[in-house]
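The values are calculated or read from the model by the stated rules, or taken from the named source; none is laboratory data. Keep in mind that this is a model prediction, so the values were computed, not measured. Glycine also receives a Cβ, built like all others from the backbone with ideal geometry; neighbour counts cover every protein chain displayed.
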Amino acid sequence: MKGKGQGAKGKVGKVEKLHAPCPVPHALKRLRSDILKGVKRIVIKIGSAVLTSPRSEGLDTSIIEEIVQQISDLKRAGFEIIIVSSGAIAAGIKALKLKEIPKSIPQKQAVASVGQSHLIGTYERYFRREKQKVAQILLTHDDLSNRIRYLNARNTLSTLLSYCIIPIINENDTVAVQEIKVGDNDTLSAMVANLVSADILIILSDINGLYNDDPSINRSAKLIPIIDKITPEIRRIAGGTLSLTGVGGMSTKIEAARMVTSSGIPMIIVNGKKKGVIKNILNGKDIGTLFLPAEDRLRSRKNWIAYTLKPAGHIKVDDGAKKAIISNGKSLLPSGVLEVGGDFESGDSIRCLDKEDREFARGLINYSSWDMMKIKGKHTSDIENILGFKYYDEVIHRDDLVLITHE
């Protein structure tokens, strides 16, 4: 979709590694400048808490108008923008004059159906004033987990951008059930950023970024301006907050950061209610929390295996198999498999666990769970005698294996 070296991923040079929470200000400014150099394709996620007014349950059109103006100015300046927007359920609650958030799946789907038309209509109205064209795209996890549909979605978005159209993406809550839901738009925006090979993911939230403590409780809490590694301490700080109209919190934003930074895409969390915040980011202002891209980046397909597919089961392996995979980059053979869990088919995504039940890899399995129960612990030469056929020597080929770090 883009030539090599284009955007932040190809532009970031060797810079000083900075750790939260107190980097040297001038070094931080230089680092932000390096990260933003060459940025062209931007995914902007707009959360429900940004789009809704504290005075009512509906959409805050003044905020939407402000964000649309910023995005339109950036578009005219030559940036490519993809929006991932929440707010359909909030808009539906207002339109239907409901007094509480619906609880059942059919109710939520009905409210989302009503609200989505209001949401896209509001965006379209304000973008039209700026002489910008938009397109609505509704996705489910199923659209992104199927490799052919994943590539079709990428081609569609690429074509829309070539026509100078701003795609506005949301999860298709009207038809999605648990099995095909992404679950939250933080995760969806990370998937979209990887899908389109974005140069940066900007998360617009209702807070200034990630703090070292809950700022609503601790007034001395400090904003963490930059994070170069997502550690257990960062996950602990993030917690798991929920809002009335949203389904995510800071913990889902941290997971989104893990997904995109592993592909070499930086991410920043900022307060979307502040005027001019998107322009300020691209002008290098020291705002929000910036997550640095990883140096060892996953290729597109391996990122898809690691972070887009939902695992259908797991296999537990012995120490020798784990070492061969992690240290030597080997494939997984049936002789190293100790245990099989879940109901899966050939080609499904599988979690690889060690003897202590810690996940260390994910991959595409070559045999069904039924077949794996028969050949686990056996030598490759025994597969055909046991099953009556042999697809592959390997249970999971190294080209279909991705190491997963849970630090």
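Tabulated values for the structure
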read-out: Hits in the range 240-280 (condition: within 13 Å of the chain's Cα centre (by Cα), at pLDDT below 90 and among the hydroxyl-bearing types (Ser, Thr, Tyr)); value: SER251, THR252, SER262, SER263
read-out: Which listed residue, of ARG358, ARG351, is under 20 Å from the mean Cα position of the chain (by Cα), at pLDDT 90 or above and surrounded by fewer than 20 Cβ atoms within 10 Å (Cβ to Cβ); value: ARG351
read-out: Meets criteria (part of a helix (DSSP H, G or I) and either more than 25 Å from the chain's Cα centre (by Cα) or not polar (S, T, N, Q) (or both)) for TYR391; value: no
read-out: Single residue of VAL39, VAL43, VAL50, VAL84 found to be at pLDDT 85 or above and in a helix (DSSP H, G or I); value: VAL50
read-out: Top-ranked residue of the range 57-81 - restricted to ones that are modelled with pLDDT of 85 or more and outside any helix (DSSP H, G or I), ranked as surrounded by the fewest Cβ atoms within 10 Å (Cβ to Cβ); value: GLY78
read-out: Qualifying positions in the range 145-161 - more than 18 Å from ILE82 (Cβ to Cβ) and of a type in the set (D, E, K, R); value: ARG147
read-out: Residue satisfying condition, being closer than 24 Å to THR252 by Cα and assigned by TED's automatic domain parsing to the domain that holds GLY276, within set LYS103, LYS37; value: LYS103
read-out: Test for THR261: is it in the same structural domain as ALA77 (by TED's automatic domain parsing), buried (at least 22 other Cβ atoms within 10 Å of the Cβ), in contact (Cβ under 8 Å) with a residue 12 or more places away in the chain and in contact with a Phe, Trp or Tyr (Cβ under 6 Å, 6 or more places away or on another chain); value: yes
read-out: Filtered residues of the range 205-239 (kept if among the acidic types (Asp, Glu), modelled with pLDDT of 80 or more and assigned to a loop (DSSP other than H, G, I, E, B)); value: ASP206, ASP213, ASP228
read-out: Residue identified as in the same structural domain as ILE281 (by TED's automatic domain parsing) and crowded, with 19+ Cβ neighbours inside 10 Å among SER85, SER53; value: SER85
read-out: Strands (runs of 3 or more DSSP E) wholly inside the range 266-340 that include at least 2 residues being buried (at least 22 other Cβ atoms within 10 Å of the Cβ) and assigned by TED's automatic domain parsing to the domain that holds GLY209; value: 267-271, 289-291
read-out: Every pair of residues 6+ apart whose Cβ atoms lie under 8 Å, when the first sits in the range 374-393 and is free of Cβ contacts under 8 Å to residues at least 60 places away in the same chain and farther than 19 Å from LEU338 by Cα while the second is surrounded by 13 or more Cβ atoms within 10 Å (Cβ to Cβ) and of a type in the set (D, E, K, R); value: GLU384/LYS390
read-out: Residue list for the range 255-265, restricted to those being assigned to a helix (DSSP H, G or I) and of a type outside the set (A, V, I, L, M); value: GLU255, ARG258, THR261
read-out: Residues that are part of a helix (DSSP H, G or I), surrounded by 19 or more Cβ atoms within 10 Å (Cβ to Cβ) and touching a strand residue (DSSP E or B) at 6+ places or on another chain (Cβ under 7 Å), drawn from the range 124-152; value: PHE127
read-out: Close pairs from the range 59-78: first under 14 Å from GLN132 (Cα atoms), partner aliphatic (A, V, I, L, M) and not in a helix (DSSP H, G or I), Cβ under 6 Å, at least 6 apart; value: ILE71/ILE81; LYS75/ILE81
